[in-house]
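The block underneath contains the structure these notes are about, expressed in structure tokens.
The values are calculated or read from the model by the stated rules, or taken from the named source; none is laboratory data. All values reported here derive from a predicted model rather than from experimental measurement. Heads up, the Cβs are rebuilt from the backbone with ideal geometry, glycines too, and the neighbour counts pull from every protein chain shown. Areas reflect the complete protein model, heavy atoms only, side chains present, ligands, DNA and RNA absent. Shrake-Rupley method; radii C 1.70, N 1.55, O 1.52, S 1.80 Å.
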Amino acid sequence: MIINIQIHNVVGIILVLLYAVSVASLVLVLLLENRNPLKTIPWVIVLIFFPGVGLIFYFFFGQDNRRQRIISRKTYKRIMRPFGANRIVQDACSVAPQYQPLSSLLIRNGQSSLLYGSRLEYFTSGTDKFSSLLDAIDRAQHHIHLQYYVFAGDEIGRKVRQALIARAKAGVTVRVLYDDVGSWDVKKVFFNEMREAGIEVYAFLRVVFPIFTSKVNYRNHRKIVVIDGNVGYLGGMNIADRYVKGSSLGMWRDTHFKITGKGVHGLQSAFLLDWYAASRRLVKGREYYPKSQIYTDNIMQIAVSGPTGQWRTLLQAVSFCITNAKTYLYIQTPYFLPTEGLNQALQTVALGGVDVRLMLPKQSDTRLVNMATHSFLDDLIKAGVKVYFYHSGFLHSKLLLADDALACIGSSNFDFRSFEHNFEINAFVYHAPFARQMKAMFMHDLETGCEQVVPSQWFARSVFVRLAESFMRLFSPLL
């Protein structure tokens, strides 16, 4: 009996030592990776104070794969060759002087060429967006490229699937990408029915446990549709009923965009890069970049960002937009967990007299994120930022506007996950009429669906509430 107890004690000591060595090794790895201290410290806390669970969470969500290249430079150039800047007509295409550094940054970071002459339409309801999308699918003649973070198997998902199947049977080439984690609860038969109809369907970064657990943290959050190389969609809406019917939070207020013209070429190149990453099939050719009609004097750049590149393209571009705002800066986002640099930039421009307005959902679909978000608002409000809570449903829109001259639209939220971990896609639009149109949309939301945060009431929150919010802020880089 005594011998058995001693054996158990020895085994227990060995296991504790092994765990301690594992945690110490991981902490050492975190330090050697030279990550942002704001991201390193929360992981050290999790690993030390949450034994076992912390280790599991690290393997799922903590590993840094930014140096991994899922697409080789050689393949990237082969795909981009028909889309190279020297093949794009850019006559009468130059951005205002104050945005030339931004356009140069996007070109150098991601070969985001200036695209001239597109027409932009926007949708603030899922009903209108899906009506337009289904109509565009029905009109497809050559190819349909569709990519979503969530492609649900619900009513609206089945409608989109049936429309795609119908075009595939009519001889149109249809390619579909979905994120394996974002669409995790969708049954395999849903996608298999598309495959059986001749549609090429692939999951992005498929997760096979436990071998590829690090891929859980790097998700493809892009929403892209390209039809015949001339019509495209991007924005915040996934394919799911909640964008039409709402949820327990009420109606989902989101923004999605239809692009007609040259801007679609930027969506095309982004899709084909992701397509190769998921399928290892290289698709290229002039037919995917047809000559486009000039509809307006709109200039845009389609910018992609992800964890595998050397630079955080969207983080850098958004930082530029904030620090160079002169009169106003308006932001809509469902999740607000800014990096320290962005947080300081917002405070700085507000203190400098720029009219900074931040619109957030009053109720979030993630309580812990909501708590962490609130911890950032105190200093912003003190600096003069006007904060608004949207109460007419759940605000899921992603929008940044500056000075009646620039609009940033797309899939990226204003948080660590979008800027650091996810594969995202945004369009930077240099067009005063479009910027004013987006400003009118923002002001309509503000006047009809928002309540402004009153500083005296906000700062009267109980010490326990503020303490809980501050505690969750420690983990904001991980949320």
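Quick one: pull the percent of accessible area on segment 123-244 belonging to carbon and sulfur, 1.4 Å probe, ligands and nucleic acids left out.
On segment 123-244, the fraction of accessible area on carbon and sulfur atoms equals 50 percent.
Put K188, K223, K258 in order of accessible area, largest first, 1.4 Å probe: what do you get?
K188, K258, K223
Quick one: accessible area per residue over segment 89-207, 1.4 Å probe, rounded to a whole number of Å²? Provide the component values of the computation, followed by the final result.
On the way: 5340 Å² over 119 residues.
Dividing the accessible area of segment 89-207 by its residue count gives 45 Å².
Given the C-alpha centroids of segment 352-414 and segment 433-462, what is the distance between them in whole angstrom?
The distance from the Cα centre of segment 352-414 to that of segment 433-462 comes to 9 Å.
To the nearest 10 Å², what's S248's accessible area with a 1.4 Å probe?
120
Quick one: of K262/K326; K262/K398; K159/K187; K262/K386; K258/K439, which pairs are farther than 27 Å apart, Cα to Cα?
In this structure, K262/K326; K262/K386 lie more than 27 Å apart at Cα.
Figure the gain on full extension for R158 and S131 (residue separation times 0.36 nm, minus the Cα-Cα span) and round it to one decimal in nm.
8.3 nm
Can you spot the aspartates and glutamates whose alpha carbon is less than 15 Å from K284's alpha carbon? Ignore those fewer than 8 places along the same chain.
The qualifying aspartates and glutamates are D228, D274.
Determine the sum of side-chain charges near D403: Lys and Arg each +1, Asp and Glu each -1, restricted to other residues whose C-beta is under 11 angstrom from that of D403. Before the final figure, lay out the partial values.
Numbers: positive: K326, R436, K439; negative: D355, D404.
Taking every Cβ under 11 Å from that of D403, the sum is +1.
Take the alpha carbon gyration tensor of segment 331-411, find the square roots of its eigenvalues, order them as a ≥ b ≥ c, and report rounded if a/c is under 1.5; if not, report prolate when a/b exceeds b/c, else oblate.
On the way: a/c = 1.77, a/b = 1.23, b/c = 1.44.
Oblate, because a/c is 1.5 or more while a/b does not exceed b/c.
Which log10 I(q)/I(0) values, to two decimals, does segment 215-351 give at q = 0.11, 0.21 Å⁻¹ under the Debye formula with one point per Cα?
One equal scatterer on each Cα of segment 215-351 leads to -0.57, -1.37.
Give me the 1.4 Å probe accessible area per residue for segment 296-367, excluding ligands and nucleic acids, in Å².
35
Roughly how many Å is it from the Cα centre of segment 226-248 to that of segment 118-193, as a whole number?
The distance from the Cα centre of segment 226-248 to that of segment 118-193 comes to 8 Å.
So if R0 is 45 Å, what FRET efficiency would L474 and W311 give, r being the distance between their Cβ atoms, rounded to the nearest 0.05? Present the calculation step by step, with values, prior to reporting the outcome.
Working: r = 27 Å, r/R0 = 0.59.
The value I calculate is 0.95.
Probe radius 1.4 Å, ligands and nucleic acids ignored: give me the carbon and sulfur share of the accessible area of segment 279-346 as a rounded percent.
Whole-percent figure for carbon plus sulfur exposure: 49.
Using label points projected 7 Å from each Cα along Cα→Cβ, tell me how many nm separate E447 and V465, to one decimal.
Distance between the two pseudo-spin positions: 3.0 nm.
Expressed in nm to one decimal, what extension gain is obtained for the pair S247 and Q437 from 0.36 nm per residue of sequence separation less their Cα-Cα distance?
65.6 nm
Shape call for segment 226-269 from the C-alpha gyration tensor, a ≥ b ≥ c root eigenvalues: rounded (a/c under 1.5), prolate (a/b greater than b/c) or oblate?
Prolate is the answer for segment 226-269, as a/c is 1.5 or above and a/b outweighs b/c.
Can you tell me how much longer the chain between T173 and E340 gets when fully stretched, taken as 0.36 nm per residue apart minus their C-alpha distance, in nm with one decimal?
Answer, rounded to one decimal: 55.6 nm.
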